[in-house]
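Computed from the coordinates by the stated procedures, all read-outs in this text should not be read as laboratory data. Nothing here was measured: the structure is a model prediction, and the numbers come from that model. Virtual Cβ from ideal backbone geometry, glycine too; neighbours counted across all protein chains shown.
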Amino acid sequence: MAQKKPYQDIPGTTIFDTDMAHIGYHLNQFCMSLMQAPNRERFKSDERAYLNEWPMSEAQKLAVLDRDYNRMISLGGNIYFLAKIFSSDGISFQQAAASMTGMTQEEYAQMMINGGRSPEGNHVTGEDGGNG
Amino acid sequence: MAKITAGVSTSHVPAIGAAIDQGKTAEPYWAPLFAGYEFSKKWIAEQKPDVVILVYNDHATAFSLDMVPTFAIGCAGEFKPADEGWGPRPVPVVKGHPELAAHIAQSVIHDDFDLTIVNKMDVDHGLTVPLSLLFGQPEGWPCLVIPLAVNVVLYPPPSGRRCYELGKAVRRAVESFDADLNVQVWGTGGMSHQLQGPRAGLINREFDNDFLERLVNSPDELSRMPHIEYVRKAGSEGIELVMWMIMRGALNEQVTERHRFYHVPASNTAVGHQVLENG
């Protein structure tokens, strides 16, 4: 019997569990490689060629090339591993987070200054017809 | 004998480290946050701990997906600041206390807590940002540091209860170490935040302030909070707060709260910080 996952109804949230870690293993390990400066240089000079060195799915490679972080997460990426990609791009954690919300960086930054996204209506999928 | 005298809790947001490293602490965005640490910087200069047991999490830095230890103790003589993708932070090398670390490992493993022993490890912002917040920018860190890394990246992390009990075991270990040492335990990470997906940016002031209060006055009850409550209410990364329970478990049941600070935001995150003294 499959493990019960009570966290699957949290709106707009993917919990990085062991099943996701299995799906995303090579994607995340590719990200780890970007912690070394020579690898960052090789990746930047030819992203596709560098990605082809890793046994990742084509969908995972395309998500990286598109810098589509929501898609990378749905394909097993974890945000702390994916951070190596946007750090290599010179993009901040806040810019990367904003890109996943459908907001502009400016809108997102202002939301944070205003106290962040409210938990109201964001606990359980569909509780107010909101996201997720 | 060695003695645990105090505990510190603090968030360890990487952008805070960047603000310190780039000289931005007086900027309007950051000044209110750093003001919240002024008391603590003076306090720790008076306290002069010999050793800090620093509970933090590695953010896919020392531990890739090849191996993910639930609890790992750094037993090396030194730990280098890691290159997390933008070059290492310009902060001093962290000096360990191999003898006390080895003693803690032996003691808590005999006490049923099976720590992973780490003899070589780079440390990321999770460990170095709290040091910067409390000590500023010294030439060398003014105390020795024993890293205690907790997995909060790959779900499930250890339960808050397990963390709380580990803290108690760490205390028993420290108090049986035959050297006159002033030891502090720091719990880092949190507070509410979510860094991923359409719900990114979640902040829950009510949850956070309730947590700060219960951490001081009803930690035993707080330690029983299930994971689902952390991730649902405090965000997928808010579950880092289980690490604070190790710090709290290492202190007396009754503590004196010398300082409390709460601030939103630092980048994507709610910042919480407390100074708790034994006795």
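What is the fewest-to-most order of B:213, B:46 by other Cβ atoms lying within 10 Å of their Cβ? Intermediate values should be presented prior to the final figure.
Working: B:213 13, B:46 6.
Listed from fewest to most nearby Cβ atoms, that is B:46, B:213.
How many partner chain Cβ atoms sit within 10 Å of a residue's Cβ in peptide A:115-126, on average, as a whole number?
Values: counts 6, 15, 11, 5, 12, 1, 0, 8, 5, 1, 0, 0.
For peptide A:115-126, the averaged partner shielding equals 5.
Given a Förster distance of 30 angstrom, what is the FRET efficiency for residue A:52 paired with residue B:117, based on the Cβ-Cβ distance and rounded to 0.05?
Numbers: r = 38 Å, r/R0 = 1.26.
After rounding to 0.05, the efficiency reads 0.20.
Among the listed pairs B:48/B:120; B:3/B:95; B:42/B:80; B:41/B:168; B:80/B:168; A:5/B:41, which are separated by more than 31 Å between their Cα atoms? Let's see the in-between values first.
Numbers: B:48/B:120 27 Å; B:3/B:95 19 Å; B:42/B:80 26 Å; B:41/B:168 26 Å; B:80/B:168 29 Å; A:5/B:41 43 Å.
Flagged as over cut-off: A:5/B:41.
What is the mean number of Cβ atoms from other protein chains located within 10 Å of the Cβ atom of each residue in peptide B:56-69, rounded to a whole number?
Values: counts 0, 1, 1, 6, 12, 5, 0, 1, 8, 13, 3, 0, 2, 0.
Neighbouring Cβ atoms belonging to other protein chains average 4 per residue here.
Considering only DSSP beta bridges with both partners in segment B:48-179, what is the antiparallel share in %, to the nearest 5? Can you show the working numbers first?
Working: 6 of 16 bridges.
Just about 40 percent of them are antiparallel.
Rounded to the nearest Å, what's the spacing between the alpha carbon centres of segment B:129-172 and segment A:1-68? Just the number, please.
28 Å
For segment A:18-28, take each phi angle, set θ = phi - 60°, evaluate the Karplus expression 6.51 cos²θ - 1.76 cosθ + 1.60, and give the result in whole Hz per residue in order, putting x for glycine and proline.
Result, ordered by residue: 5, 5, 5, 5, 5, 4, x, 3, 6, 4, 5 Hz.
Need one value for A:30-39: mean number of C-beta atoms belonging to other chains within 10 Å of its residues' C-beta atoms.
3
Out of the DSSP beta bridges found with both residues in the protein assembly as shown, what percent are antiparallel (nearest 5)? Present the calculation step by step, with values, prior to reporting the outcome.
Details: 21 of 45 bridges.
Within the protein assembly as shown, antiparallel bridges account for around 45 percent of the total.
Find how many whole Å separate the alpha carbon centroid of segment B:26-57 from the alpha carbon centroid of segment A:78-94.
Each part's Cα centre sits 26 Å from the other's.
Straight-line reach from residue A:4: which lysines fall under 28 Å, measuring Cα to Cα and dropping same-chain residues less than 8 apart?
B:233
Which of B:191, A:100 has the fewest other C-beta atoms within 10 Å, and how do the rest follow up to the most? Can you show the working numbers first?
Numbers: B:191 30, A:100 24.
Arranged by neighbour count, lowest to highest, B:191, A:100 become A:100, B:191.
Per DSSP H run of at least 4 residues, take -39500 (n - 2.57); add these up for chain B, divide by its residues and hand me the 222 nm value, nearest 500 deg cm²/dmol. List each step's numbers first, then the result.
Details: 10 runs with 96 residues, N = 279.
Rounded to the nearest 500, it is -10000 deg cm²/dmol.
Just going by the charge dipole of segment B:144-224, with Lys and Arg at +1 and Asp and Glu at -1 on Cβ, which of B:201, B:177, B:215 is farthest out on the positive end?
B:201
What is the extension gain from residue A:125 to residue A:42, computed as 0.36 nm multiplied by their sequence separation minus the C-alpha to C-alpha distance, in nm to one decimal?
25.7 nm
Provide the per-residue ³J(HN,Hα) series for segment B:180-187, in order, calculated from phi with Karplus coefficients 6.51, -1.76, 1.60 and θ = phi - 60°, each as a whole number of Hz, with x at glycine and proline positions.
7, 10, 8, 10, 10, 10, 10, x
State the antiparallel share, in %, of DSSP beta bridges confined to chain B, rounding to the nearest 5. If you can, show how the numbers build up before the last one.
On the way: 21 of 43 bridges.
Expressed as a percentage, antiparallel bridges in chain B total about 50.
In debye to the nearest 20, how big a dipole does the protein assembly as shown give about its Cα centre with +1 on each Lys and Arg Cβ and -1 on each Asp and Glu Cβ? Can you show the working numbers first?
Working: 34 positive and 49 negative charges, 21 e Å.
The calculation lands at about 100 debye.
Rank the residues A:50, B:164 as a footprinting-exposure proxy: fewest other Cβ atoms within 10 Å of their Cβ go first.
On the way: A:50 20, B:164 23.
Lowest count first: A:50, B:164.
Rounded, prolate or oblate: which fits chain B, taking a ≥ b ≥ c as square roots of the Cα gyration tensor eigenvalues, rounded meaning a/c under 1.5, else prolate when a/b beats b/c? Walk me through the numbers on the way to the answer.
On the way: a/c = 1.24, a/b = 1.14, b/c = 1.08.
Rounded shape, in that the Cα axes give a/c under 1.5.
Run the quick spin-label model on residue A:26 and residue B:95: label points 7 Å from Cα toward the beta carbon, then report their separation in nm to one decimal.
With each label point 7 Å from Cα toward Cβ, the separation is 4.6 nm.
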